[in-house]
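Only one structure is covered here, and it is reproduced in the block below.
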Amino acid sequence: MTKITVLGASGQIAQLAEKLFLKDNNNELVLFLRHPQKLNQSELDKRREKIIVGDASKLAELLPAIQGADIVYANLAGSNIEDQAKTVVKAMDEAGVKRLIWISSLGVYDEVPGKFGEWNKNILGSYLTTYRAAADQVTTSNLDYTIIRPAWLTNKDEVDYEMTKGANTPFKGTEVSRLSVASYVNDLVENPSKDIQANVGLNKPNTDGDKPAWY
Ligand SMILES: NC(=O)c1ccc[n+]([C@@H]2O[C@H](COP(=O)([O-])OP(=O)(O)OC[C@H]3O[C@@H](n4cnc5c(N)ncnc54)[C@H](OP(=O)(O)O)[C@@H]3O)[C@@H](O)[C@H]2O)c1
């Protein structure tokens, strides 16, 4: 059995990823979230999915969800995401859990080139500073992490992505589907020794432009 703890389990990418995880009968999920009513309870597989309600910035609430996990997948958000990252790292250290998949954002390393990079900075503003501070908590930890920096997210029903590896590698493209991100997360869950200490940009190929197509 592989025990996967999902933080922010009612998040949009997280819910897509959970469906993929459950396709493997060897996976068991701990769904950590603040608002369980956001999950469709009738769709839960009660034998393999366990809900723990809590706030990721509170160590005492988080720790029981992390203890015994093989992999932690953090799909968190919010202006206190740095505090959440600090708490996740601390909880994992205390519980002796090493493998972390952390969803961040394009642009946190000022790695998006050209006009799109400028547009992205203008639109996202302090979100980028906050998300960078959270990513720093992860990259300076002793954990086996993979940081994922998706492009602008779409709900297209497609898995179509390429990667730019390394915080200083120029980002490519403008968009990527949430299902693509979930699919890459599932790939890491299936191959946990893949992309350790990697910092990965994800984008849909051939979507370069000055801004995402729908703006
Ligand atoms: N939109 C874009 O184009 C874009 C591009 C790149 C990266 N991103 C980032 O990618 C990440 C994932 O995207 P998504 O679409 O899956 O986001 P999402 O649906 O907003 O999911 C984020 C989850 O984090 C949970 N959360 C926030 N604070 C928490 C806390 N203190 N404790 C526990 N859970 C908490 C939220 O739960 P609640 O229901 O309790 O609030 C929510 O379910 C986000 O951080 C997003 O900012 C977005």
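The values are calculated or read from the model by the stated rules, or taken from the named source; none is laboratory data. What you see is a predicted model; the values in this text were computed from it and never measured. No Cβ is skipped: glycine too gets one built from the backbone with ideal geometry, and neighbour counts run over all protein chains shown. Surface areas here come from the heavy atoms of the whole protein model, side chains and all, with no ligands, DNA or RNA. Shrake-Rupley method; radii C 1.70, N 1.55, O 1.52, S 1.80 Å.
The set of residues in segment 148-160 being assigned to a loop (DSSP other than H, G, I, E, B) and open to solvent by less than 10 Å² (accessible area, probe 1.4 Å) consists of Ala151 alone.
When segment 84-118 is filtered for residues that are closer than 26 Å to Arg34 by Cβ, assigned to a helix (DSSP H, G or I) and open to solvent by less than 10 Å² (accessible area, probe 1.4 Å), the ones remaining, listed by number, are Ala85, Val88, Ala91, Met92.
The C-beta contact set for segment 22-44 (first residue part of a helix (DSSP H, G or I), second residue surrounded by 14 or more Cβ atoms within 10 Å (Cβ to Cβ), distance under 8 angstrom, 6+ apart or interchain) comprises Leu22/Leu29; Leu22/Arg48; Leu22/Glu49; Pro36/Ser10; Pro36/Ile51; Lys38/Ser10.
Could you please find all residues in segment 96-152 being more than 14 Å from the ligand (Cβ to nearest atom), within 16 Å of Glu82 (Cα to Cα) and charged (D, E, K, R)? The answer is Asp136, and nothing else.
Does Asn122 qualify as being touching a residue at least 12 places away in the same chain (Cβ under 8 Å) and of a type in the set (S, T, N, Q)?
Numbers: touching a residue at least 12 places away in the same chain (Cβ under 8 Å): no; of a type in the set (S, T, N, Q): yes.
Spelling it out, it is not the case that Asn122 is touching a residue at least 12 places away in the same chain (Cβ under 8 Å) and of a type in the set (S, T, N, Q).
In the condition set (1) surrounded by 15 or more Cβ atoms within 10 Å (Cβ to Cβ); (2) within 16 Å of Ile4 (Cα to Cα), Asn26 is compliant with all but (1). Can you tell me which residue within segment 161-188, out of those that are open to solvent by less than 60 Å² (accessible area, probe 1.4 Å) and more than 16 Å from the ligand (Cβ to nearest atom), is nearest to Phe21 (Cα to Cα)? Ranking the candidates gives Asp187 first.
All conditions but one from (1) closer than 20 Å to Pro170 by Cβ; (2) touching a Leu at 6+ places or on another chain (Cβ under 7 Å); (3) not aliphatic (A, V, I, L, M) apply to Glu94; the one that does not is (1). Evaluate segment 56-76: report whether one residue or more is part of a loop (DSSP other than H, G, I, E, B), within 9 Å of the ligand (Cβ to nearest atom) and closer than 21 Å to Glu175 by Cβ. Within segment 56-76 (the criterion being part of a loop (DSSP other than H, G, I, E, B), within 9 Å of the ligand (Cβ to nearest atom) and closer than 21 Å to Glu175 by Cβ), the answer is yes, since at least one residue qualifies. Answer with yes or no whether Asn199 is surrounded by 14 or more Cβ atoms within 10 Å (Cβ to Cβ) and within 23 Å of Asn142 (Cα to Cα). Yes. Taking segment 1-21 as the range and being assigned to a strand (DSSP E or B) and either open to solvent by 10 Å² or more (accessible area, probe 1.4 Å) or within 15 Å of the ligand (Cβ to nearest atom) (or both) as the test, the residues that pass are Thr2, Lys3, Thr5, Val6, Leu7. The number of residues in segment 22-46 that are more than 14 Å from the ligand (Cβ to nearest atom) and closer than 17 Å to Gly68 by Cα comes to 4. Looking across segment 53-83, the residues that are buried (at least 19 other Cβ atoms within 10 Å of the Cβ) and hydrophobic (A, V, I, L, M, F, W, C) come down to Ala56, Leu62, Ala65, Ile66, Ala69, Ile71, Val72, Ala74, Leu76, Ile81. Among the residues making up segment 77-95, those that are near the ligand (Cβ under 9 Å from one of its atoms) and either touching a strand residue (DSSP E or B) at 6+ places or on another chain (Cβ under 7 Å) or among the hydrophobic types (A, V, I, L, M, F, W, C) (or both) are Ala77, Ile81.
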